[in-house]
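Below you'll find the structure, written out as structure tokens, and then a few comments.
The values are calculated or read from the model by the stated rules, or taken from the named source; none is laboratory data. Keep in mind that this is a model prediction, so the values were computed, not measured. Glycine also receives a Cβ, built like all others from the backbone with ideal geometry; neighbour counts cover every protein chain displayed.
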Amino acid sequence: MQLNDATAVAEPPREAANDAATDAPRVWFDGKLVAIDSPQAPLTTHAMHYGSGVFEGIRSYATADGGAAVFRLPEHMERMRKGAELLGIDFDVARASEAVLETLRANRHADAYIRPLAWLGSGTIGLDVAPLTQHYMVATMATQVHLAGKAARLGVSGWRRNPATSLPPLKLCGGYVNSVLAKREAKQRGFDEALFVDAEGFVVECTGANVFMVRNGSITAASHPDALDGITRATLVELTGAHSRPVSLEELRQADEVFVCGTAAEVAPIASLDDAVFGDNPLTREFQALYARIVRGAEPRHARWLTVV
């Protein structure tokens, strides 16, 4: 993976951090910042054919002091390193992290969704990845994606989640075809999001978010070996004191509140699960507000989770 510094651009003034970029967005691509529409990868790129890449979803936020910060950047990049290692991709966490910050600065993005991607390129069209070139990019988008905190209608998917014994629960590109199929099915059935449940009737996760429930004031984080070890999930477990354990679908249906969380979804209340309708979600709203304060630097005790842009 190429992460050289030769063509890095200078950091723009801090006072411009919250402004929208006035020129075309730029992406980090193999050691330099280029226009987002520049030719970048040949049609024989291995990852295009086989999904042989690893990505992360990360968020940055405008902060209370007028700057910007990335939420839990080291944890995201370390998880990305684990996925890259499985594919034989060399991954320098420190340099890859700096590329994220440089891209945000170049685009003058504060509130942004960040997509780093490492992938295998040219060299063979076969399944032996050793001869392939390695690449790295970072794109930043000043938009909200996925559930974006809104109350969602959740439907149980007819698809099963990739079992961890077949595909490790990391952000491997090819593995997310599973999420695409479940999301597409859910939308066709009139839901906003899909819930994966295993063959024994235990909750796994949604297509891009982990699941929590509230019952009689007790907060539970659904755990499952096939679910992504979510960074936002770990954050919410620490903040709420939630108990992490397996949760059955029937138990989830009987909850007082259900919410899901993830980098893009943040803390998103669930309005209904199939035909089960949930109530006013007061605790979920509290967690939403606390999370929003933390990511924007308004809770000094959690400043360690923020990387200043």
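Worth a mention:
- The residues on offer are Arg79, Arg59, Arg72, and the sole one that is among the charged types (D, E, K, R) and on the phi > 0 side of the Ramachandran plot is Arg72.
- Scanning the stretch 165-179 for residues that are surrounded by fewer than 19 Cβ atoms within 10 Å (Cβ to Cβ) and either closer than 13 Å to Ala209 by Cα or aromatic (Phe, Trp, Tyr) (or both) gives a single hit, Tyr176.
- Tally of residues being over 17 Å from Arg153 (Cβ atoms) and either surrounded by 15 or more Cβ atoms within 10 Å (Cβ to Cβ) or touching a helix residue (DSSP H, G or I) at 6+ places or on another chain (Cβ under 8 Å) (or both) across the stretch 268-292: 6
- Every residue from the stretch 292-309 that is in contact with a Gly (Cβ under 9 Å, 6 or more places away or on another chain) and either part of a helix (DSSP H, G or I) or acidic (Asp, Glu) (or both): Ala292, Ala303
- Pair list, Cβ under 8 Å, 6 or more apart: the stretch 28-47 residue in the same structural domain as Val129 (by the TED database) and on the phi > 0 side of the Ramachandran plot, other residue surrounded by fewer than 17 Cβ atoms within 10 Å (Cβ to Cβ) and outside any loop (DSSP other than H, G, I, E, B): Gly31/Thr7
- Matching residues, the stretch 81-96, being touching a Phe, Trp or Tyr at 6+ places or on another chain (Cβ under 7 Å) and under 12 Å from Val129 (Cβ atoms): Ala84
- Whichever residue in the stretch 143-164 is assigned to a loop (DSSP other than H, G, I, E, B) and at pLDDT 95 or above and, among such residues, is surrounded by the fewest Cβ atoms within 10 Å (Cβ to Cβ): Gly158
- Residue pairs meeting the criteria (Cβ under 8 Å; at least 6 apart or on separate chains; first outside the structural domain of Val177 (by the TED database), in the stretch 193-209; second surrounded by 24 or more Cβ atoms within 10 Å (Cβ to Cβ)): none
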